[in-house]
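The values are calculated or read from the model by the stated rules, or taken from the named source; none is laboratory data. Here the structure is a predicted model, which means the values were calculated and not measured. Here Cβ is always computed from backbone atoms with ideal geometry, including for glycine, and neighbour counts include all displayed protein chains. Heads up: the accessible areas ignore ligands, DNA and RNA and are worked out on the full protein's heavy atoms, side chains in. Shrake-Rupley method; radii C 1.70, N 1.55, O 1.52, S 1.80 Å.
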Amino acid sequence: MTQCDVAIVGGGPAASAAGLMLARAGLSCTILERGDDRGDKPGESLAPNARPLLQRLGVWDDLERDGHLPCHGNRSCWGSDTIAEEAFIFSPYGHGWHLERRRFERLLSSRAIEAGVQRRTNARVVDAERNGVWHLRCADGSTLSAPYVVDATGRAGWLAHRAGARRIVDDVLVAAVAFLETSGDPERDSWTLVEAIEEGWWYTAVLPGRRLAAMFVTDPAVVPARYAATSEAWHALLEHAPHTRERIAAHGYALVEPPKIVDAGSARLDTVAGEGWLAIGDAAMALDPLSSHGIASALATGIEAAEAIVSGSDARYRTIIDTMWNAYASMRREMYAAEQRWPHSPFWRRRIA
């Protein structure tokens, strides 16, 4: 059995941020990632206000060098048939970024490893027990013990549930996520586009390498996930979004494979910390992608969790999570309430009731 000061179950941005900060503080840390770090992963928007977090982690200056695309603003067809613009030129933090998500995660994990973090892939934790210290058992039979464990398992919140925490669901949404490619001239406009339709809303963003991320968000009670996951349904729903459809058609973007359905709802744990454990990232609170704060929230909770562990007190961490959630919930209500064009639509009635 191997040992460390802190074990992190899950290997996304929140895990790397927490591990990096813990290693800098002199604690031994092991990240257990169940996957192999391959394949596309949704979540590529990084808002300008993430800059202080990235600077603190020491990776801000690497983004342009690594080929990520600057994002200079957001366009939205929301609450009106015309497009509104929000330029980031007015942000004190400058522009945002469209990330090649896997490349970004490799950057964070490499920084953590350079700081001394041990990171294991294909390390699926199947059992966790606490007897003075935590004992974690992986599917391959290996074991790891640590006085403190961090849950970075995403929306599943696997470890937190084992410790007795309960997930509180605020809203149920799914997203049909697709990555498109073109053999022609790719779009140079790096602004994001969000477009509301009667059944939900669309998001598109240009990615490095002739690619475009496109996501349709809806309520599974309105558009069943099994239906939304088909290429035929995805294109049929796209017909209702003229601005998004035009953006895709203008540069010859086409689906690489059928859309993938992911959970896009809002939820949080009733408690984000307990004896010898705490939760970070989506495990602590999962945000509607409309907020564009998913990655920034992951980084912030990872950094703050590391500080809580180093200080030996989770009181401040609990308060921070409550404050972040309350600010997010208020912003989200205002954003959905701004769309009043379909008062009889089941999707919008559920969001603005």
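Of the DSSP beta bridges with both residues in the chain, give the percent that are antiparallel, rounding to the nearest 5.
Details: 54 of 74 bridges.
The antiparallel fraction comes to roughly 75 percent.
Residues whose amide H lies under 5 Å from that of R124, counting only those 5 or more places away or on a different chain, are A139, D140; hydrogens are built 1.01 Å from N in the peptide plane. Of all the options T192, T271, T82, the one that moves most in a Gaussian network model of the chain with Cα springs shorter than 10 angstrom is T82. All Cα-Cα separations within the range 123-230 were binned at 10 Å from zero, giving a P(r) of 12, 26, 21, 23, 16, 2, 0, each value a whole percent of the pairs.
Within the listed set R268, R316, R102, the residue fluctuating most in the Gaussian network model of the chain (springs between alpha-carbon atoms under 10 angstrom) is R316. Potential lengthening of the chain between A250 and W342 amounts to 30.3 nm, from the contour at 0.36 nm per residue minus the alpha-carbon distance. Summarising the label geometry, the points placed 7 Å from Cα in the beta-carbon direction at A84 and E232 lie 3.8 nm from one another. Out of the total accessible area of the chain (probe 1.4 Å, heavy atoms of protein only), what percent is carbon and sulfur? Reported share for carbon and sulfur atoms: 50 percent. Contact order for the chain, expressed relative to its length and based on alpha carbon pairs under 8 Å spaced 6+ residues apart, stands at 22 percent. What the Cβ-Cβ distance of D270 and S313 gives, at R0 = 22 Å and to the nearest 0.05, is a FRET efficiency of 0.65.
Return one whole number: the accessible area per residue of the chain in Å², for a 1.4 Å probe.
On a per-residue basis, 44 Å².
If both residues of a DSSP beta bridge must be in the range 15-140, then about 85% of such bridges are antiparallel. Residue separation of K260 and E181 scaled by 0.36 nm, minus their Cα-Cα distance, works out to 26.9 nm of gained length.
Along the chain, counting only GluC sites (Glu not before Pro) with a DSSP assignment other than H, G, I, E or B and at most 12 other Cβ atoms inside a 10 Å radius, the longest segment between sites is 1-238. Applying the Karplus relation 6.51 cos²θ - 1.76 cosθ + 1.60 with θ = phi - 60° to the range 196-201 yields 3J(HN,Hα) values of 7, 10, 4, 8, x, 7 Hz, where x marks Gly and Pro.
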